[in-house]
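Report on one structure; see the data block that follows.
The values are calculated or read from the model by the stated rules, or taken from the named source; none is laboratory data. What you see is a predicted model, and the numbers here were worked out from it, not measured in a lab. When we count neighbours, we look across all protein chains shown, and the Cβ atoms used for this are built from the backbone with ideal geometry, even at glycine.
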Amino acid sequence: MKILEVASDIYPFVTYGGIEKVAYFISREFSKNGHEVTVLTCTNDMVKVDMDIRRVPDLRVGGARGALFIASSILYFLWKRIRKQVDIVHMHGASGTNRLNSLCRKFGIPVVLTVHGKVVDDKKLGGWMDNFDAVTCVSKQTKKEAEKIMKKKCKVIHNGIDPKQFSYSEPEKKSAKEWVNKKFGKKLNVLFVGRFMERKGVLDLCNISGKTDANIIMAGHGPLDSELRRKSRSIKNLHVLGLVSDNELRRLYLGCDVCIFPSHFEPFGVVILEAMAFGKPVIASNVGGISEIIRSGEGILVEPKDVSGFARAIKSLESEERRNQLSRNGFKRVKDFYWADIAEEYLKVFENART
């Protein structure tokens with residue numbers, strides 16, 4: 001099958017974010033299975049990767065993707081179609097995809113849309129989403145929101161991980177632990193990884209840090225970067241690292257004691273799977289798709305914005321025995337979220353869309 005993947009950004013050029021990783025890893029799995037895959041993106045920094053990634057121009061308007069990316073995608077699609085190099089188009093994210101979908105339909109090319117984020121309650125949006133040959137959602141919560149405004153039924157296909165990325169040796173783990181303890185101190189070290197934006201609950205972490213003796217370590221980037229750094233100057237146990245390299249992030253994951261994700265809204269939460277794959281106990285908000293990942297005994301769920309609840313959860317994990325219990329259960333859970341299996345689910349959707 002000749003598959004055209006359309007995603008504005010893609011991993012490893014952008015290392016934080018679910019859409020970017022989904023587009024990359026399922027494309028890689030499609031290629032492994034013998035399919036011809038082209039990824040269309042507008043990511044600026046290009047490095048060599050193991051598939052055909054084509055960059056098209058983009059114009060940002062107010063920080064959002066502009067019309068130029070969609071226009072460029074349309075032109076690229078036309079060129080591919082003329083050469084009969086497209087059997088199906090897979091789009092990530094609903095924003096701005098209607099025009100490209102309309103063009104594909106005129107050529108008789110099926111289009112599958114994957115909804116990754118919050119769905120706006122807009123019947124007009126639902127009407128054009130119904131025009132796709134198939135719509136998938138990354139969680140039951142996203143599916144519920146999408147089907148409120150659509151006539152079409154959506155299929156849930158969760159995001160995943162590549163287990164090879166998270167294998168490690170005990171000496172590597174010990175070395176990372178020593179590095180983290182030396183850098184931050186021999187306290188309970190609690191790690192947050194993600195975008196520095198309000199809906200990720202990053203400001204709540206500032207308040208949580210005032211209710212615990214544990215170190216709160218924050219790795220990521222986003223619009224609240226400066227504010228978080230300013231607050232950290234007066235909070236001794238709050239450490240705002242900003243954007244870190246892949247190698248440093250790996251050391252942080254392996255060397256920390258607990259991972260925390262206090263999101264106010266989360267369609268899925270790939271970073272939760274990553275933390276569990278590294279064998280870390282997870283504390284996260286009971287919101288969106290997170291509860292579809294963490295079941296009873298596999299982590300600790302706290303109601304969003306409950307600062308005291310998160311502080312109590314951290315306190316409960318001062319017990320090494322409790323941490324180890326959650327780590328073991330969480331590690332078993334991630335086996336249900338491997339990209340190889342998820343790619344197979346997408347391929348079934350693609351085949352059905354073509355018939």
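When you check ASN207 against the structure, is it without any contact (Cβ under 8 Å) to a residue 60 or more places away in the chain and not acidic (Asp, Glu), yes or no? Considered against the rule, which asks whether it is without any contact (Cβ under 8 Å) to a residue 60 or more places away in the chain and not acidic (Asp, Glu), ASN207 comes out as no. If you scan region 168-212, which residues turn out to be of a type in the set (S, T, N, Q) and at pLDDT below 95? Of everything in region 168-212, nothing turns out to be of a type in the set (S, T, N, Q) and at pLDDT below 95. Only one of the listed residues (ILE88, ILE109) is assigned by TED's automatic domain parsing to the domain that holds LYS21, at pLDDT 70 or above and closer than 14 Å to LEU40 by Cα. That residue is ILE88.
Looking for something buried (at least 18 other Cβ atoms within 10 Å of the Cβ), in contact (Cβ under 8 Å) with a residue 60 or more places away in the chain, farther than 28 Å from ASP306 by Cβ and aromatic (Phe, Trp, Tyr) - is there at least one such residue anywhere in region 157-173? Yes - at least one qualifying residue is present in region 157-173.
The condition of being surrounded by fewer than 22 Cβ atoms within 10 Å (Cβ to Cβ), closer than 25 Å to LYS183 by Cα and not hydrophobic (A, V, I, L, M, F, W, C) holds for only one of ARG295, ARG250, that being ARG250.
Identification of strands (runs of 3 or more DSSP E) wholly contained in region 234-335 with 1 or more residues that are within 24 Å of ASP162 (Cα to Cα) and β-branched (Val, Ile, Thr) yields 258-261, 282-285, 300-302.
Table: residues versus (1) at negative phi; (2) touching a strand residue (DSSP E or B) at 6+ places or on another chain (Cβ under 7 Å); (3) of a type in the set (A, V, I, L, M, F, W, C).
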site: ILE235; (1), (2), (3): yes, no, yes
site: VAL240; (1), (2), (3): yes, yes, yes
site: VAL282; (1), (2), (3): yes, yes, yes
site: SER285; (1), (2), (3): yes, yes, no
site: PRO304; (1), (2), (3): yes, yes, no
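Highlighted here are the helices (runs of 4 or more DSSP H) found entirely within region 132-224 that include at least 2 residues which are outside the structural domain of LYS236 (by TED's automatic domain parsing) and not small (Gly, Ala, Ser): 140-149. For region 252-273, a residue qualifies if it is out of contact with any Asp or Glu (no Cβ under 9 Å at 6 or more places or on another chain) and under 22 Å from GLU320 (Cβ atoms), and the qualifying residues are LEU252, CYS256, VAL258, ILE260, PHE261. Taken together, the criteria place SER327 among residues that are in contact with a Gly (Cβ under 6 Å, 6 or more places away or on another chain) and within 25 Å of GLY288 (Cβ to Cβ). Output the residues belonging to region 91-106 that are more than 23 Å from ARG28 (Cα to Cα), aliphatic (A, V, I, L, M) and at pLDDT below 75. The one that is more than 23 Å from ARG28 (Cα to Cα), aliphatic (A, V, I, L, M) and at pLDDT below 75: LEU100. Residue check: is LYS144 surrounded by fewer than 19 Cβ atoms within 10 Å (Cβ to Cβ) and more than 20 Å from the chain's Cα centre (by Cα)? For LYS144, the condition - surrounded by fewer than 19 Cβ atoms within 10 Å (Cβ to Cβ) and more than 20 Å from the chain's Cα centre (by Cα) - is not met. Cβ-Cβ under 6 Å, sequence separation 6+ or interchain: first residue in region 249-277 and modelled with pLDDT under 95, partner among the hydroxyl-bearing types (Ser, Thr, Tyr). Which pairs? Listed pairs, sorted by first residue: PRO267/SER139; PRO267/THR142; PHE268/SER139.
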